[in-house]
Amino acid sequence: MDIISHTLTGVAVGTVFATISNSSWKRKGLIVLIGGLGGALPDLDAISLWSKFDSTIGAFLNLKHSGKEIYFGKLWYSHHAFFHSLLAPIILILIYLIIRNIRKFRVLKVVEYFKRNQYLYMTFFFGFVFHLLEDMPTPACVWGGVNLFFPSSSYIGGFGNIWWWNNYDLVLIIFGVIVVNLIINILPKNYHIAKVRLSVIMFSFGASLFLYQINNRGVDFSYTGHTKNYDKFELQSKQIQKKILGDKLFEIMTKIDNKIPFNF
Ligand SMILES: [Zn+2]
């Protein structure tokens with residue numbers, strides 16, 4: 001899926017944890033931001049496809065493979081590999097905790113620090129994990145899914161239920177969850193339990209609707225390796241969106257899409 005959908009999903013996860021935290025608006029804002037960061041971060045491994053990768057990072061690290069070979073390969077730092085695994089957010093959180101407590105490192109102190117900021121880490125973790133789940137229904141391409149249980153060599157997903165991007169209906173569902181959960185957060189603090197329930201119900205409802213939509217596309221987008229039908233699939237995906245959203249909403253979403261400088 002595209003980076004905008006992933007980031008928004010992380011933000012939606014953040015709005016649930018913002019409700020659970022029952023903390024100040026500043027803290028809630030930080031939780032939502034961290035959710036967005038967790039949702040976007042796995043695609044950091046797509047940096048190898050950057051046009052200047054070989055002459056900058058590749059040259060600096062003296063890499064044997066070109067950026068393109070890395071991106072479409074099965075190296076641990078290839079696309080959909082380690083950075084698309086459950087281990088990656090855990091390691092990233094551990095590295096952060098160690099760096100933050102490096103001066104007077106004591107395990108107990110680190111645990112205490114973790115507990116104090118637990119909602120931030122949970123949001124980051126689940127924002128990250130939802131990105132991995134969202135990548136599974138896209139085509140297998142050369143990877144065959146995501147390397148969820150790295151260091152295991154098995155890849156999970158690549159089902160081809162949806163096209164890589166232009167899944168506007170899904171973006172609108174995610175956006176709806178964010179808006180409703182932000183409204184729930186405005187309710188008074190003493191309704192905390194009810195707010196948490198509402199927030200979780202809203203997120204689950206959005207997730208169910210999301211699942212329904214991806215399973216009812218009516219077109220099988222699955223392919224392995226590379227496909228000659230790339231443009232045909234892309235067009236079919238857009239036609240599906242037009243049918244779901246109607247001409248007017250589709251036109252608005254297409255306009256937004258055209259203004260964004262990367263695949264959406
Ligand atoms: Zn991804």
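Across all Cα pairs in the chain, the calculated P(r) in 10 Å bins from zero up to the longest distance comes to 7, 26, 33, 24, 9, 2, 0 percent per bin.
Look at Val129, Val16 and count the other Cβ atoms within 10 Å of each Cβ; fewest to most, that gives Val129, Val16.
Annotation: amide H-H contacts under 5 Å for Val146 (H modelled 1.01 Å from N, sequence separation of 5 or more, or interchain): Ile156, Gly157, Gly158.
Residues Tyr77, Tyr168 in ascending order of nearby Cβ atoms (within 10 Å, fewest first): Tyr77, Tyr168.
To the nearest 20 debye, what is the magnitude of the charge dipole of the range 94-190 about its Cα centre, counting +1 on the Cβ of each Lys and Arg and -1 on the Cβ of each Asp and Glu? Kindly include the intermediate steps, with their values, before the conclusion.
Details: 8 positive and 4 negative charges, 195 e Å.
In debye, rounded to 20, the range 94-190 gives about 940.
Given axes a ≥ b ≥ c from the Cα gyration tensor, I'd like to know whether the range 73-151 is rounded (a/c under 1.5), prolate (a/b larger than b/c) or oblate. Cα axes put the range 73-151 in the prolate bin.
Test of understanding: in a Gaussian network model of the chain with alpha carbons linked when under 10 Å, which of Asn117, Asn181, Asn62 would top the mean-square fluctuation ranking? With Cα springs under 10 Å in the chain, the top fluctuation among Asn117, Asn181, Asn62 is at Asn62.
Per residue of the chain, what 222 nm ellipticity follows from adding -39500 (n - 2.57) for every DSSP H run with n ≥ 4, rounded to the nearest 500? Intermediate results must be reported in sequence, preceding the final value.
On the way: 9 runs with 154 residues, N = 264.
Rounded to the nearest 500, it is -19500 deg cm²/dmol.
According to the square roots a ≥ b ≥ c of the eigenvalues of the Cα gyration tensor, what is the shape class of the range 1-116, taking rounded for a/c under 1.5, prolate for a/b larger than b/c otherwise, and oblate for the remainder? Since a/c reaches 1.5 but b/c is at least a/b, the shape of the range 1-116 is classed as oblate. What the Cβ-Cβ distance of Val200 and Gln239 gives, at R0 = 41 Å and to the nearest 0.05, is a FRET efficiency of 0.70. Residues Met253, Met1, ranked from the fewest to the most other C-beta atoms within 10 Å, line up as Met253, Met1. Just list whichever of Lys74/Lys104; Lys195/Lys243; Lys74/Lys232; Lys26/Lys109; Lys228/Lys259; Lys228/Lys255 have alpha carbons separated by over 31 Å in the model shown. Beyond 31 Å between Cα atoms: Lys74/Lys104; Lys195/Lys243. Please check which bits of the range 175-196 a label hung off Ser24 would reach, taking the label as a point 7 Å along Cα-to-C-beta and the cut-off as backbone N under 17 Å. Only 189 pass the distance filter. Phi angles across the range 79-93 convert, under the Karplus curve 6.51 cos²θ - 1.76 cosθ + 1.60 with θ = phi - 60°, into 3J(HN,Hα) values of 4, 6, 8, 3, 5, 10, 10, 5, 5, 4, x, 5, 5, 4, 5 Hz, Gly and Pro given as x. Between Ile102, Ile214, Ile31, the residue with the greatest mean-square fluctuation in the GNM of the chain (Cα pairs under 10 Å linked by springs) is Ile102.
Here, each number is a calculation from the coordinates, and none is a lab measurement. Keep in mind that what you see is a predicted model, and the values were worked out from it rather than measured. Here the Cβ is made from the backbone with ideal geometry for all residues, glycine too, and neighbour counts use every protein chain on show.
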